[in-house]
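The values are calculated or read from the model by the stated rules, or taken from the named source; none is laboratory data. Owing to the predicted nature of the structure, the values given are computational and were not obtained by experimental measurement. Cβ coordinates were reconstructed from backbone atoms using ideal geometry, including for glycine residues, and neighbour counts include every protein chain displayed. For accessibility, only protein heavy atoms count, side chains too; no ligands or nucleic acids. Shrake-Rupley method; radii C 1.70, N 1.55, O 1.52, S 1.80 Å.
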Amino acid sequence: PLEALDTVATRADVVVTATGSEDPILESRHFEGQPTEQVIVDLGQPRDVAPATAALPAVRVFDLDDLESITAETRDQRADAARQVESMIDREFDLLTEQYKRARADEAIAAMYESAERIKEREVETALSQLEGDEVSDEQREVVEAMADSLVNQLLAPPTKSLREAAAEDDWSTIHTALQLFDPEFGTNDGPIAPPSMAAVVTGDATTGDAPAGDASLGATDDD
C-alpha cells in the first residue's frame, strides 16, 4: 500500500509510479540518505514525484517529458535505419531485375546460337563432302569451319545486341518471338514471359555480343 512507501522506497533500485493523485506521493524524504543510485520513472499526470527529489545526489528522476524526448530520438534513429534499409532493398531489387532481364535475353540468344550451330554443322559437312578429292585435310576442314563460325558470329551479333536491348527495355514480346523462332521446345510448358518476383542470375559477359557459354549462361553465381 502507499502507506508503506516510507519503508519500501529506499529498498528499490528502480521506482515506477503512475497514479491519479493530484499531489506528489513521493518526496525527497523518501530517498534521503540512500547510499546507492536509484532511478525513478514518473508516469503520473500530474507528477507523482515532488520536484525537490531530483536534487538528491543518488536519485535520477525521469518524467513523461524525458521519455518523450527519448522516444523522439529513437524514432528518428529508426526512421534513419528504415530509409537505409529501403535504399538497400531498392538497389538489390534493381540488381535482381537487371539480372533477370539478362537471363531471359541470354536464354533467347543461347537458343539462337544453338539453332545456328546445328545449321552450320550440317552445311559444313555438306560443303566438305562436295570438295574434290577423296579426303579433306585437317587444314581444309579448319578453314571451312572457321569461315562458317565467322559467318554465324557476324550474322548473329546484331540480333544478339537487339535482344539484350529488348530485355533492358522490358520488350518481352521480342524475347518471346525469338524463343519461338529458335527454340523448338519453347511454348510447350512456358507461359508468357514477364519479370517474376524472383530474379535469375546470369554468368558470363552481358556487355558484348558474344554467345553465352551454353547452359552456364543461366547459372547462379557466388554473388547471388
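Observations on the structure shown:
- Only a single item in (1) over 40 Å from the mean Cα position of the chain (by Cα); (2) more than 21 Å from T7 (Cβ to Cβ); (3) of a type in the set (K, R) is not met by R78, and it is number (1).
- Residue in region 90-104 that is open to solvent by 40 Å² or more (accessible area, probe 1.4 Å), modelled with pLDDT of 90 or more and basic (K, R) present: yes
- Which listed residue is under 30 Å from T19 (Cα atoms) and of a type outside the set (V, I, T), from S129, S137, S69: S69
- Of all residues in region 32-53, those satisfying the criterion of being over 17 Å from E68 (Cβ atoms) and either aliphatic (A, V, I, L, M) or within 49 Å of the chain's Cα centre (by Cα) (or both) are E37, Q38, V39, A50, A52.
- Once region 6-39 is narrowed to residues that are open to solvent by less than 60 Å² (accessible area, probe 1.4 Å) and part of a loop (DSSP other than H, G, I, E, B), the residue that is nearest to A58 (Cα to Cα) is Q34.
- Single condition A199 does not satisfy, out of (1) open to solvent by less than 50 Å² (accessible area, probe 1.4 Å); (2) more than 25 Å from D90 (Cα to Cα); (3) aliphatic (A, V, I, L, M); (4) modelled with pLDDT under 80: (2)
- Residue in region 124-144 that is open to solvent by 50 Å² or more (accessible area, probe 1.4 Å) and within 47 Å of the chain's Cα centre (by Cα) present: no
- Flag: T97 does not match the condition of being over 30 Å from A167 (Cβ atoms), assigned to a helix (DSSP H, G or I) and among the β-branched types (V, I, T).
- For region 69-82, the condition of being touching a residue at least 12 places away in the same chain (Cβ under 8 Å), over 30 Å from R11 (Cα atoms) and polar (S, T, N, Q) holds for none of the residues.
- Odd one out for V59 among (1) modelled with pLDDT of 90 or more; (2) touching a Pro at 6+ places or on another chain (Cβ under 8 Å): (2)
- Residues of region 52-68 that turn out to be touching a residue at least 24 places away in the same chain (Cβ under 8 Å) and open to solvent by 100 Å² or more (accessible area, probe 1.4 Å), as a count: 0
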